[in-house]
Amino acid sequence: MQNAAEDRRNRYFEGHFAPVKEEVTVYDLPVTGRLPADLEGRYLRMGPNPLGVEDPATHFYAFGAGMVHGVRIRDGRAEWYRNRWVRSTEVADALDRLQRGEEPPAFLPPSPNVHVIGHAGRTLALVEAGGLPHELGYELDTIGACPMAATPEGSSANAHSKVDPRTGDLHSLAYAIGRPFAQYIVTDPAGTVTRVTDIPLSGETPFLHDFALSENYVIVFDIPLTFSMTAMLFRWDPGHQARVGVLPRTGGDIRWLPVESFYVSHILNAYDDGSTITVDLIRSEGPVDVADPGAISPTLDRWTIDPASGRVDQRRIDDRAQDFPRVNDAFASRPHRYGYSAVSPMYGVPFTPDGPHPDEAFTNALVKHDLRRGTTEVHGFARDAAVGEAAFVANPSGGEEDDGYLMAYLADPERGASDLVILSAQDFTGPPVARIHLPVRVPLGFHGNWIPDA
């Protein structure tokens, strides 16, 4: 029988998920291996780092003050590591209270804690469900709330806003809890909103965390995970009809296609293929409790959508649990051959390289999918390590689709700290090109990007 202390535990508030308590700046980081000499920029990754949690057992891991972790690389050196809270007004006040020896508020409004991107010469920290992005300085200080992609209705850039590599436009699917519509927003490379399309919603607000973008269409996933205004939480609503919406990028009416109940976490990529749209995505069967992702078994699937006939064909690509899919961003919204995903402690399902071999199972790995050949390569890490999402960094000199690197933070329990691991995408199972050794631990978080210097 569990004792009271065990009953109050929360795996998403301890171990690899546990928040760090200090902001750190360190220069000239040690490196094992050799950093590519032509990489110049910052690898940044965002995640929740809670303040003022009264009862960890009831804490929802996706809430909490956002913290960005960054490494600056130049001339074959790791020049610095920094971690900084995103200082929204409420977070700044809570940190001031802590500095004075006072207790911070027991609840903080959601602050940017999901993603960090570069657009219009700015570094932007993004948040879910209607919060304003915040602009960060080059050294990760918070400049302030930034109305990027802002509309008169109060929408702005959302958690998974996407940059089209050919046009430089930022595409956002913004929603807010309790609002009966979402908005598709296009922002040009200078940061000016050039198009806004309203998308009517029905019933309680669905969890519109991510969306797909092809060359001609926006694909929206209206799933049964909805926000209950009465219970004030996300819940699985079996009576909510799951559907996929197809909206022309140029605007107009969205066409909704009913599908069987499902949960979608993240999109790998989408592209137009003649009269159909191909979408590679991470999906799970419902019902889903987002407060316990360890109970979810997400898989990589391919959907083929025919807007004319309304047909949606679904095919499983890989039934092993994985998430955080990424593509070479130069191929975003265009046909792609390769995709990358992470096997993370976020999910509790072991991942075997090829078939049921428990002794060879990984609980921490990065995976490269060759979607043309239908093959995978697995780069496994130690069982007690913890790897998060890996961003693809294209070789600055150009080359094939997989000519580049994967960057991800990896826990090193022996040191009680983390490394920034850099893999060659073309020698995926080989030793890392480099490991940058950080002096502190980076908690498991959400999303990030390589942001090259201009």
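The values are calculated or read from the model by the stated rules, or taken from the named source; none is laboratory data. Keep in mind the model is a prediction, meaning the values are calculated, not measured. Quick reminder, even Gly has a Cβ in these numbers, built from the backbone with ideal geometry, and neighbours come from all protein chains shown. The protein model used for the area step is the full one, side chains on, heavy atoms only, and it has no ligands, DNA or RNA in it. Shrake-Rupley method; radii C 1.70, N 1.55, O 1.52, S 1.80 Å.
Roughly speaking, to the nearest percent, how much of the stretch 168-239's 1.4 Å accessible area is carbon and sulfur?
Summing carbon and sulfur atoms, their accessible area is 55 percent of the total for the stretch 168-239.
For the stretch 217-269, what ratio Rg/Rh do Cα atoms give with a Kirkwood hydrodynamic radius? Working shown, then result.
Details: Rg = 12.8 Å, Rh = 12.4 Å.
That ratio equals 1.03.
Specify which residue in the list HIS119, VAL440, PRO224 is farthest towards the positive end of the charge dipole of the chain, using unit charges on the beta carbon of Lys, Arg (+1) and Asp, Glu (-1), about the Cα centre.
HIS119
Do you know the relative contact order of the stretch 371-421, to the nearest whole percent, from alpha carbon pairs under 8 angstrom that are 6+ apart?
30
Might you work out the accessible area of HIS59 for me, using a 1.4 Å probe with all protein chains in place, and round it to the nearest 10 Å²?
Accessible surface of HIS59 is approximately 30 Å².
What three numbers, in Å, describe the spread of the alpha carbons of the stretch 255-319 along their principal axes, ordered from the longest?
Extents along the principal axes: 39, 21, 15 Å.
Let me spell out the model: positive unit charges on the Cβ of Lys and Arg, negative unit charges on the Cβ of Asp and Glu, origin at the Cα centre of the stretch 375-430. What dipole size does that give, in debye rounded to 20?
Around 220 debye, computed over the stretch 375-430.
Sorted by mean Cβ packing within 10 Å, highest first, what order do the peptides 332-342, 104-114 take? Present the calculation step by step, with values, prior to reporting the outcome.
Details: 332-342: 21.9, 104-114: 19.5.
Per-residue mean Cβ counts within 10 Å order the peptides as 332-342, 104-114.
With contacts defined as alpha carbon pairs under 8 Å and 6 or more residues apart, what's the relative contact order of the chain in percent?
Once normalised by length, the contact order is 12 percent.
Calculate the length of the line joining the C-alpha centroid of the stretch 424-454 to that of the stretch 244-296, in whole Å.
28
Given that compact globular proteins tend to follow 2.2 N^0.38 Å, what is the ratio of the alpha-carbon Rg of the stretch 234-351 to that value?
With N residues counted in the stretch 234-351, Rg over 2.2 N^0.38 Å equals 1.11.
Of all the C-alpha pairs in the stretch 65-126, what % are more than 19 Å from each other?
Details: 853 of 1891 pairs.
Result for the distance tail: 45 percent.
Restricting everything to alpha-carbon atoms, can you work out Rg to Rh for the chain with a Kirkwood hydrodynamic radius?
0.94
Using the C-alpha gyration tensor of the stretch 149-257, what are the square roots of 5 times its eigenvalues, in whole angstrom, with the largest one first? Let's see the in-between values first.
Details: eigenvalues 122, 45, 25 Å².
The equivalent ellipsoid of the stretch 149-257 has semi-axes of 25, 15, 11 Å.
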